[in-house]
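Taking it in order: structure first as structure tokens, then the write-up.
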Amino acid sequence: MTDDLAPAVPDASARPGRPRVMVLFGGRSGEHAISCVTAGGVLRALDRERYDVLAVGITRDGRWVLADDDPDRWAIDGDRLPEVEDTARRVLLPQAVGDRSVQLLEDRAAPQDLGAVDVVLPLLHGPFGEDGTLQGLLELADVRYVGAGVLASAVGMDKHMMKLVLAGHGLPVGPFRVLLPGVLARDPQAALTAVKELGLPVFVKPARAGSSLGISRVDALEDLHAAVAEAQRHDPKVVVEAAVVGREVECGVLGGRAGAAPRTSLPGEIVVTGGGHAFYDFSAKYLDEGNVRLECPADLPAHVVERVRQVAAEAFEAVGCEGLARVDVFVTPDDDVVVNEINTMPGFTPFSMYPRMWAASGLDYPALVDELLALALERPTGLR
């Protein structure tokens, strides 16, 4: 983006009663573009009469820059995915506890005050954003933010650790194996034996990635090496999961006010209807919506709905989440509920499953954003 197209510097003056919200998006992970799309949805939903908004993007190489707060700038256009470009207008977080002011740095110019920030909406997906790293930075800066803290974010991002924590709390998870970096090359027979014990087919996934990036279905062991190589394009640590026969169902969780129990939405179901997708992959999620049907609420018996919601709330608390999460489960033909994963910063466009489930539960998209900001603003900084 050239300088003449760079976003205007927002007014730094404080307006009483209007919280200053930094919408932060982009990032270094493979989910950069999806983060931008999420930001577009949130920027459109934020009531500018109630909030002062500061849009900040993180480029793919980690530069924090002042970004355009026009929602249309961050929409998917055909096959073109949005991206944060370097505007040469760098944004600097507060540098000391008690200082909430954000600075704008430009070449050969004195730092410019962008005003104080009350809360950050960190709409980043994947590593270096959703995995506790960004949350740690905000904790060091003593800045309030929406969503899970450092530990819960890290556990939720790492499918290996997440499954261990959930199983340790007695929650049902499917059989899996972990392939650590180099193990397949170092002892291929042992790796093949471990995977073979799961039975076929299996799903091979990067341990710390989302949006279905790098996931492959493996129906024959001779295809395992290629699937692991694809997963390792996103993460050297790989999780191999046994296929679970069942329906893919999701449930939204929202933290409770003032320490109250978490709230759960009506569950939703993902139905892949065509397009050659063996499962709900990246293309099905974002580029081929015509072959995907999202049913909200899911057509499930009342006792199964109750069980899905119970498991979702228990998973949220087991991981130590705050603010929001989406819990993905399988409902088997015997109506058992098996946890697939927990997502501490789910996709958040108006068409994403998380806000759609809450809309079906009586909380529309703008109200959901308001509630998340209220939860973050009431929560203390520091240890809690």
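Laboratory data are not the source of any read-out in this text; all were calculated from the coordinates shown. The structure presented is a predicted model; accordingly, all values stated were derived computationally and were not measured. Glycine also receives a Cβ, built like all others from the backbone with ideal geometry; neighbour counts cover every protein chain displayed.
A few comments on the model shown:
- Here segment 310-384 and segment 162-223 have alpha carbon centers that stand 25 Å from each other.
- Span-rule helices in the chain, defined as complete DSSP H runs reaching 15 Å or more along the axis (Cα) with Kyte mean at least -0.5: 32-45, 302-319, 365-378
- All-pairs alpha carbon distance profile, segment 176-242, 10 Å steps from 0, percent: 25, 62, 13, 0
- Cα centroid of segment 104-143 to Cα centroid of segment 232-271, whole Å: 27 Å
- For segment 87-167: span of alpha carbons on each principal axis (Å, largest first): 53, 27, 16
- Structure-based [θ]222 nm, the chain - -39500 (n - 2.57) summed over DSSP H runs of at least 4, per residue, nearest 500: -8000 deg cm²/dmol
- Backbone amide hydrogens, once placed in the peptide plane, bring residue 292 within less than 5 Å of 273, excluding anything fewer than 5 places away on its chain.
- Cα centre as origin, Lys/Arg/Asp/Glu Cβ charges: the chain dipole, Debye: 720 debye
- Note, ³J(HN,Hα) from phi for segment 54-66, Karplus 6.51, -1.76, 1.60, rounded to Hz, x at Gly and Pro: 10, 8, 10, x, 10, 6, 5, 9, x, 7, 8, 10, 5
- Temperature 25 °C, viscosity 0.890 mPa s: under these conditions the Stokes-Einstein estimate for the chain, based on its Kirkwood radius over C-alpha pairs, is 114 µm² per second.
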